There are 2 protein chains.
Amino acid sequence: MQLDQAKEKFIQTWGTLGSNWGINRTMAQVHALLLVSPEPLSAEDIMEQLTISRGNANMNIRALIDWGLVYKELKSGERREFFSAEKDMWKVFKQIAKERRKRELEPIFKVLNDISQVEGDPKDPNYQAFVQSIGGIQKFAGQADDFLSKVIKADEHWFFNTLLRFMK
Amino acid sequence: MQLDQAKEKFIQTWGTLGSNWGINRTMAQVHALLLVSPEPLSAEDIMEQLTISRGNANMNIRALIDWGLVYKELKSGERREFFSAEKDMWKVFKQIAKERRKRELEPIFKVLNDISQVEGDPKDPNYQAFVQSIGGIQKFAGQADDFLSKVIKADEHWFFNTLLRFMK
DNA sequence: TTTTATTTTCAATAATTTTTGAAAGTTTAA
DNA sequence: TTAAACTTTCAAAAATTATTGAAAATAAAA
């Protein structure tokens, strides 16, 4: 396979992967493109290589920067902005975990907490099932959150070597 | 808060959560409804409670069954089918991990393997960046897969107690 | 300043995904 | 058998989400 084909296939695959996980396809494609580019690219470069509009490129680049997955680079003597992606997959993973934790887990805790205050007849099976189910979810979410907070701080070598070995 | 409101809020929240993770909103809502129902529900019940059409209910129930998150229950003397959800969150989590691993990780390995065979000039920085980036992703994906395969087999108590303690 | 280069915004449009509902299919009971 | 109860399918419609492109905003250079 030639480089161009391989690049194209990677960008498409990464885009599909993203959309399976609730991430806009183009955003994932921009990320993929930056992942395999040796040098930072300008908005123009990205527009051309992915054949997308200026507005689309801009929005998705900004979103990637918000997620902490892409960095803005300033080249001296150059007026326009250049962008590069974090290529260390462990860092990418931790950054996504961190952001999703903040953006999603936190709001869910709030809702779970609110609805677990539900009032009702303790003899009503609907009430019982509700309280029990929400309780189970709360407990799980709390444990998952503890685990995540540790993963976010962990070092890759420790995580995959030490931990994986411990897990037998 | 009253039970009906709490239920409604839970169903909406679970639906939003699902769509953030690439799962159709209605599918997540059906799952939520079954999670908080003490008794299995019929398709008719689900249609009414979520005010969705028969076709929509049917499709999403089937999808949940495919994911192994919902079970079909047969009541003797009843002709229609009833459905119930797995309420143990650890099992739910493991089931989702198992399915996504099969549906997504496996195809990605295949693509990564194909494109890592790319031919090119070892002096070309584009080629170097590509090979290196894909290599890093492959390595990470392999380790993540090993980890996942262990999680899928793990017991909840062991995972959260023993492991969480070990992670300090 | 004013001009020029570049980035951002956002209403309109396009593309995609989801939902509906009626018809076809299936299964059980009479 | 035939009829009734229930489930599945799928083309059309609706809803949602993403994209465009041109105008407005911003920033640097002249």
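The values are calculated or read from the model by the stated rules, or taken from the named source; none is laboratory data. Please read these numbers as outputs of a predicted model, since none were measured by experiment. No Cβ is skipped: glycine too gets one built from the backbone with ideal geometry, and neighbour counts run over all protein chains shown. Areas reflect the complete protein model, heavy atoms only, side chains present, ligands, DNA and RNA absent. Shrake-Rupley method; radii C 1.70, N 1.55, O 1.52, S 1.80 Å.
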Checklist outcome for this item: Taking region B:45-68 and keeping only residues that are within 13 Å of B:Gln29 (Cβ to Cβ), among the hydrophobic types (A, V, I, L, M, F, W, C) and more than 12 Å from DNA strand D (Cβ to nearest atom), one is left with B:Leu50
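In this structure, is A:Gln138 facing another protein chain (nearest Cβ under 8 Å), surrounded by 15 or more Cβ atoms within 10 Å (Cβ to Cβ), in a helix (DSSP H, G or I) and not aliphatic (A, V, I, L, M)?
no
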Next on the checklist: Kindly evaluate B:Ile11 against the criterion of being under 17 Å from B:Val92 (Cβ atoms) and open to solvent by less than 70 Å² (accessible area, probe 1.4 Å).
Outcome noted: yes
Next on the checklist: I'm told B:Arg103 meets every condition in (1) open to solvent by 80 Å² or more (accessible area, probe 1.4 Å); (2) outside the structural domain of B:Lys139 (by TED's automatic domain parsing) except one. Can you identify the failing condition by its number?
Outcome noted: (2)
Next on the checklist: Among the residues in region B:115-129, are any of a type in the set (Val, Ile, Thr) and not assigned by TED's automatic domain parsing to the domain that holds B:Ser37?
Outcome noted: yes
Next on the checklist: Considering only region B:17-24, I want to know if a residue exists there that is aliphatic (A, V, I, L, M) and under 23 Å from B:Gly68 (Cβ atoms).
Outcome noted: yes
Item to check | Top-ranked residue in region A:44-81 [being surrounded by fewer than 17 Cβ atoms within 10 Å (Cβ to Cβ) and in a strand (DSSP E or B); ranked as nearest to the chain's Cα centre (by Cα)] | outcome: A:Tyr71
Next on the checklist: more than 16 Å from DNA strand C (Cβ to nearest atom), within 29 Å of B:Leu35 (Cα to Cα), outside the structural domain of B:Gly18 (by TED's automatic domain parsing) and open to solvent by 20 Å² or more (accessible area, probe 1.4 Å): is that true of B:Lys150 in this structure?
Outcome noted: yes
Checklist entry - Restricting to region A:16-38, what's the tally of residues that are within 15 Å of DNA strand C (Cβ to nearest atom) and of a type outside the set (Ser, Thr, Tyr)? => result 13
Checklist entry - What tally of residues in region A:111-128 results from selecting those that are among the small types (Gly, Ala, Ser) and either farther than 22 Å from B:Ser84 by Cα or at pLDDT below 95 (or both)? => result 1
Checklist outcome for this item: With criteria (1) open to solvent by 80 Å² or more (accessible area, probe 1.4 Å); (2) more than 16 Å from DNA strand D (Cβ to nearest atom), A:Arg25 comes up short on (2)
